[in-house]
Amino acid sequence: MSDITARRTRRRAVWSAGARRDRAPLSTRFILTVTIIALTAYFLIPIAWMLIASTKSTADLNTTFGLWFSHFDLMQNLHDLFAYRDGIFRRWVVNSLIYSGGGALGSTFLAALCGFALAKYRFRGRNAIMGLIFGGVLIPGTVLALPTYLLLNSFGLINTYWAVILPSLSSAFGVFLVRIYAAAAVPDELLEAGRIDGAHDVRIFFTVVLRILLPSLVTVFLFSFISIWNNFLLPLIVLNDQSLWPVTLGLYSWQMNAMSEPDLVRIVVTGSMVGTIPLVVLFLTLQKYWRSGITTGALK
Amino acid sequence: MTAPTLHPATRDGRNGAEQAGEPPRLTASRRNKRRFGADWKMAWAFVVPFLALFVVFHLVPVFYALWQSFHGVEKSGGLGFTKPSVIFVGLDNYAEALTDEGFLRSVGRVLLYGVVQVPVMLGLALVMALIFDTAIVRMRSLFQLAAFLPYAVPGIIASILWAFLYLPGVSPVLDLLDGAGAHIDFLAPGSVLWSIANISTWQWTGYNMIIIFAALQAIPRDLFEAARIDGATNWQIAWRIKVPLVAPAILITGLFSVVGTLQLFSEPTVLRTITNNVTYNYTPNMIVYNLAFGSNQPYYSAAVAVVIAIGAFLLSFGFLRVLQRRNPDE
């Protein structure tokens, strides 16, 4: 298209843009809306079932329609969930919070240090480090499972909190995200001004840089927290002691017995609900951060 | 690393000179102090904490696995009184893996799964992103949130929920299908693979939709208006302009999905608790886990894991090649 026609069409587009939007035929709008509603139902049905099933007794679970309420027994189920097997579920929730909270805090801090340095320092080995990190991301977790177990075993760390936390501390995605953010958001002049004022690099980092990086750090924290909370394979191989298990592993072990012990179904479902709530709350409160995290992670 | 030891007076003096508009006379070392980012020792101090953990928990295990894959336990005829010794076995483990029928069948299974599940999931994600991009559907952000919610459910819990939804007696989905006259067994030998595929599709469609949607929103709007003036219909704009322009985003999501497919583990492991039609060697990853922790064959397990990793690399590079062919400039 020549320059002149392009300019002319753009001028015409200005007045037509608002009017065009809703001009799709009614039938098209109907089909598209129905498509979205059907897909939304698909996404929500398992979650709705979980919420409803956690309010039912074992008898109602098997006899009443699953997507509507019957007698409301949520309190009974919650009580039984936290009382089952000497109340070990409470322990699992606390463990999950320790693993996810501690691991996410640590990995966010390390990613902030490393990502900032990669963005703002010029030094030999910088490109090699970035290549190493990017290559490391592509290694499937499968390959790491057994050697990680043997490694932790040789440190004597099997069946400790460290067995789950230490391997979770190095988030390559986090470094990647902070590096992009720091390159764009931390002005060189600010760092140089800090230096002129006689501040040490470490002090500049803690007093000025961290505050500027905060939005990206929230994103890194969010994604680390989620990935550690969801981790299944690592706790499965490094923790034999039930009292150290996170929620996911504990629920899986109960699910294995649920087929022979039908009363366990309502406990597993109620536990699933409790195990999902922290993540849903995080997502709803930090919406803008997960959006930016997903799109920078995938597009850059 | 030394802290700057400038005397306050000196510092003030220099600032004063600068304010007066005189070019500051700096010695070489002072100039270095001003320029941020030249101090390589400082840079390494920032990088090392992350790097050390990354090397220990991401790179060392890889080399350890490689070493293991070329070794094995010497098979002696003794009764086990002597400690078995580890010997170099060359490519024996690999030869065994590549002729192991169970392993090859599991690879075929996940490839079949990937060929169907990845396009279906990305197709759904693309259609949703395109619909949201037209602004025809109201309450867009609410619908997007609903689509994304499954990603917030931990994978194990998602699998447990679907396991119940596949289970006759408990499942309202089966009740509804029965009412409609469709009697489907989600756990039959022929259908359980697709029931697993459904779990991943449910979890990841919204996530991929967000990525494609962001790419769509980044396209300059006047491109569509220009096409419209030239007489293009909405469908033509969608398929001829929007889809080609977001193809890189689709390929990236495809790359992640394919690598994820090869590592399929938790979904089939959970469904195994309710049906025998998911065997212990159903997916390559389940085989690796079982060899290492179930049947105590760590060396062979390492070789199988390396084969999977190489497969993942080859698939990734294949995808990246396609990606580069589309954008020759990059």
Would you check if there is a residue in region B:185-195 being in the same structural domain as B:Thr273 (by TED's automatic domain parsing), among the β-branched types (Val, Ile, Thr), in a helix (DSSP H, G or I) and more than 24 Å from A:Ile294 (Cβ to Cβ)?
yes
So, in region B:172-200, of the ones that are of a type in the set (Gly, Ala, Ser) and surrounded by fewer than 20 Cβ atoms within 10 Å (Cβ to Cβ), which residue ends up nearest to the other protein chains (Cβ to nearest Cβ)?
B:Gly179
Residue under question is B:Ala197, and the condition is that it be under 28 Å from A:Ser27 (Cα atoms) and among the small types (Gly, Ala, Ser); does it hold?
no
Of A:Gly66, A:Gly103, which residue is crowded, with 17+ Cβ neighbours inside 10 Å and closer than 30 Å to B:Met139 by Cα?
A:Gly66
Among (1) touching a Phe, Trp or Tyr at 6+ places or on another chain (Cβ under 7 Å); (2) at pLDDT below 90, which single condition is B:Asn285 missing?
(2)
Wholly inside region B:201-288, helices (runs of 4 or more DSSP H) that include 3 or more residues that are within 11 Å of chain A (Cβ to nearest Cβ) and surrounded by fewer than 21 Cβ atoms within 10 Å (Cβ to Cβ) are B:222-229, B:243-262
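Condition check ((1) within 30 Å of B:Pro298 (Cβ to Cβ); (2) modelled with pLDDT of 90 or more; (3) more than 7 Å from chain A (Cβ to nearest Cβ)) across all residues:
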site	(1), (2), (3)
B:Arg11	no, no, no
B:Glu18	no, no, yes
B:Ser29	no, no, yes
B:Asn32	no, no, yes
B:Ala43	no, yes, no
B:Phe70	yes, yes, yes
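Yes/no per residue for (1) assigned to a helix (DSSP H, G or I); (2) in contact with a Ser or Thr (Cβ under 6 Å, 6 or more places away or on another chain); (3) away from chain B (no Cβ under 12 Å):
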{"residue": "A:Ser107", "(1), (2), (3)": "yes, yes, no"}
{"residue": "A:Ala111", "(1), (2), (3)": "yes, yes, no"}
{"residue": "A:Arg122", "(1), (2), (3)": "no, no, no"}
{"residue": "A:Thr142", "(1), (2), (3)": "yes, no, no"}
{"residue": "A:Ala145", "(1), (2), (3)": "yes, no, no"}
{"residue": "A:Leu150", "(1), (2), (3)": "yes, no, no"}
Helices (runs of 4 or more DSSP H) contained in region A:189-300 and holding at least 3 residues surrounded by fewer than 19 Cβ atoms within 10 Å (Cβ to Cβ)
A:210-230, A:247-258, A:264-285, A:287-299
Give all pairs with beta carbons closer than 8 Å in which a residue from region B:105-134 that is within 18 Å of B:Ala249 (Cα to Cα) meets a residue that is outside any helix (DSSP H, G or I) and of a type outside the set (Gly, Ala, Ser); count only pairs at least 6 apart in sequence or on separate chains.
B:Ile131/B:Val137
Taking the stated definitions as given, is B:Leu161 surrounded by 14 or more Cβ atoms within 10 Å (Cβ to Cβ), modelled with pLDDT under 90 and part of a helix (DSSP H, G or I)?
no
Within region B:292-304, can one find any residue that is under 17 Å from A:Tyr252 (Cα atoms) and facing another protein chain (nearest Cβ under 9 Å)?
no
With B:Val127, B:Val118, B:Val48, B:Val60 as the choices, which residue is in the same structural domain as B:Pro284 (by TED's automatic domain parsing), closer than 30 Å to A:Ser170 by Cα and either among the aromatic types (Phe, Trp, Tyr) or part of a helix (DSSP H, G or I) (or both)?
B:Val118
Look at B:Ser301 and say whether it is surrounded by fewer than 18 Cβ atoms within 10 Å (Cβ to Cβ) and either within 21 Å of A:Val238 (Cβ to Cβ) or over 24 Å from the mean Cα position of the chain (by Cα) (or both).
no
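The values are calculated or read from the model by the stated rules, or taken from the named source; none is laboratory data. None of the values given here were measured: they were computed from a predicted structure. Note that we place each Cβ from the backbone using ideal geometry, even for glycine, and neighbour counts take in every protein chain shown.
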